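One structure is given below, encoded as structure tokens.
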Amino acid sequence: MRERQVSIQDITNRKNLLLLVTLRWLAVAGQIAAIITASLLLDIQLPIGPMAGVIGFLIVLNLATLNRYRSGAAVTSIELLVELLLDVAALTVQLYLSGGATNPFVSLFLLQAVLGAVLLSSWSTWTVVAVTAGCFVWLMSSSNDIGLSMPMPAVAYRQNRFFDLHIDGMFICFLLASVLLVLFITRINRNLREQDTRLAALRQQSAEEEHIVRLGLLASGAAHELGTPLATLSVILNDWARMQVLQADPELAGDIEAMQTQLARCKDIVSAILRSSGEARGEGAERASLIAFIDGVVADWEIRRGPPMLDYTNALDRDVEIVADVLLQQILFNVLDNAYEASTDRIVVEVAQEDDLLRIAVHDSGPGFPPEMLAELGTPYRSSKGQPGRGLGLFLVINVLRKLGGGVTASNPSGGGACVELRLPIAALAVESNYAG
């Protein structure tokens with residue numbers, strides 16, 4: 001089942017959209033508290049109906065925004081701009097109904113402009129600034145409208161405390177704006193830092209994939225170049241095999257036969273490289289059951305390498321039909337070859353399933369990984385063998401598994417030796433996403 005590719009900017013926009021939703025819920029709660037306080041405690045006659053209608057609009061807008069967020073649709077910068085402008089419109093109407101430009105909470109326009117500067121591009125930010133400034137000017141020019149003919153509490157007139165109430169409101173507005181700015185800009189900056197981290201990871205992944213492409217081109221070119229000398233050696237060995245002088249010596253005849261066998265294997269390897277070169281995963285690959293495929297790969301490797309002792313356990317409880325890709329076989333071969341080169345005694349292979357993950361653990365009885373190699377696992381040309389050009393096997397394994405949604409961990413168990421564990425979503429291997437067991 002294919003999923004829509006989500007960009008880093010889209011992920012950041014979705015997080016910022018949730019921040020706007022949270023801010024809007026706080027605005028709804030604050031407006032309700034302000035209306036109750038002004039009406040019941042300060043005896044200010046407010047147009048409750050229209051103001052409640054604006055609050056209802058904000059609630060409906062938030063519910064619609066949350067529904068769109070949960071749908072997984074892409075969130076654009078234009079959508080964030082529209083959301084901010086709708087918040088500015090709702091704030092303007094509420095101020096118009098509760099004192100206009102004389103309302104101490106009019107400075108909340110600045111909060112919208114700051115959020116626009118953090119969330120949006122330059123032109124969008126200036127759009128928010130222009131709209132908020134226009135709304136402020138409109139509120140100033142509408143001071144004689146009937147909507148602003150709002151009587152103040154009698155106690156304020158008797159005690160000449162109208163200015164004091166205005167100052168109190170400004171202080172409350174200052175605290176509210178300061179707290180909201182600190183909270184939301186902190187969270188927005190965290191989103192931006194996460195975005196930078198993801199970009200750095202993608203750049204690193206791109207560099208590694210470019211390295212893999214170069215290796216693939218070199219391997220394909222080497223396979224083509226090896227075809228001619230291998231064919232020449234095959235002709236010479238066939239001629240030797242027919243020479244009676246050489247056939248009369250049983251030892252030489254046996255050596256020639258062994259060389260022909262190994263030469264045939266080299267030709268098979270080169271042919272396999274050429275067949276898989278440039279093909280997408282699964283093109284031309286056969287289908288097989290997951291259990292049978294892993295059993296076959298391990299058995300094939302054991303025949304080819306002949307380790308002193310191989311302890312193999314396959315504990316998969318459910319089977320699934322997969323694409324028997326040669327790339328998957330090579331992944332297991334690389335890990336098993338590394339264990340074989342490091343271990344002089346016993347190799348243990350454990351295959352198990354954890355939820356929907358395939359787990360293959362390969363243990364050896366060698367000296368284990370050096371600490372610096374564990375710290376830089378998967379870096380090309382990092383090898384404990386001390387030979388130039390080595391260390392590509394695990395690098396390639398990690399990158400291939402990462403492409404399939406899996407991962408690799410390496411450790412030095414307390415009992416000695418080393419352990420490499422491969423984890424891979426079974427759905428990434430399956431021909432279909434449904435289990436066949």
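The values are calculated or read from the model by the stated rules, or taken from the named source; none is laboratory data. Remember, predicted model here, so these are calculated numbers, not experimental data. Positions of Cβ are generated from backbone atoms using ideal geometry, with glycine treated the same way; all protein chains shown enter the neighbour counts.
Checking the condition more than 20 Å from residue 366 (Cβ to Cβ) and surrounded by fewer than 16 Cβ atoms within 10 Å (Cβ to Cβ), which residue from 292, 324 passes?
292
Out of the residues in the stretch 180-233 that are at pLDDT 65 or above and among the hydroxyl-bearing types (Ser, Thr, Tyr), which is farthest from residue 19 (Cα to Cα)?
The qualifying residue farthest from residue 19 (Cα to Cα) is 232.
Given the criteria under 29 Å from the mean Cα position of the chain (by Cα), more than 24 Å from residue 185 (Cα to Cα) and either among the aliphatic types (A, V, I, L, M) or part of a helix (DSSP H, G or I) (or both), does residue 67 qualify?
Yes: the conditions hold for residue 67.
Which one of these does residue 120 not meet: (1) within 21 Å of residue 140 (Cβ to Cβ); (2) surrounded by 15 or more Cβ atoms within 10 Å (Cβ to Cβ)?
(1) is the only condition that residue 120 fails.
Can you tell which of 37, 102 is over 25 Å from residue 126 (Cβ atoms) and either surrounded by 15 or more Cβ atoms within 10 Å (Cβ to Cβ) or touching a Phe, Trp or Tyr at 6+ places or on another chain (Cβ under 7 Å) (or both)?
Criteria check complete, one pass: 102.
For the stretch 303-405, list the strands (runs of 3 or more DSSP E) that sit wholly inside it and hold at least 1 residues that are modelled with pLDDT under 75; which are they?
Result: 321-324.
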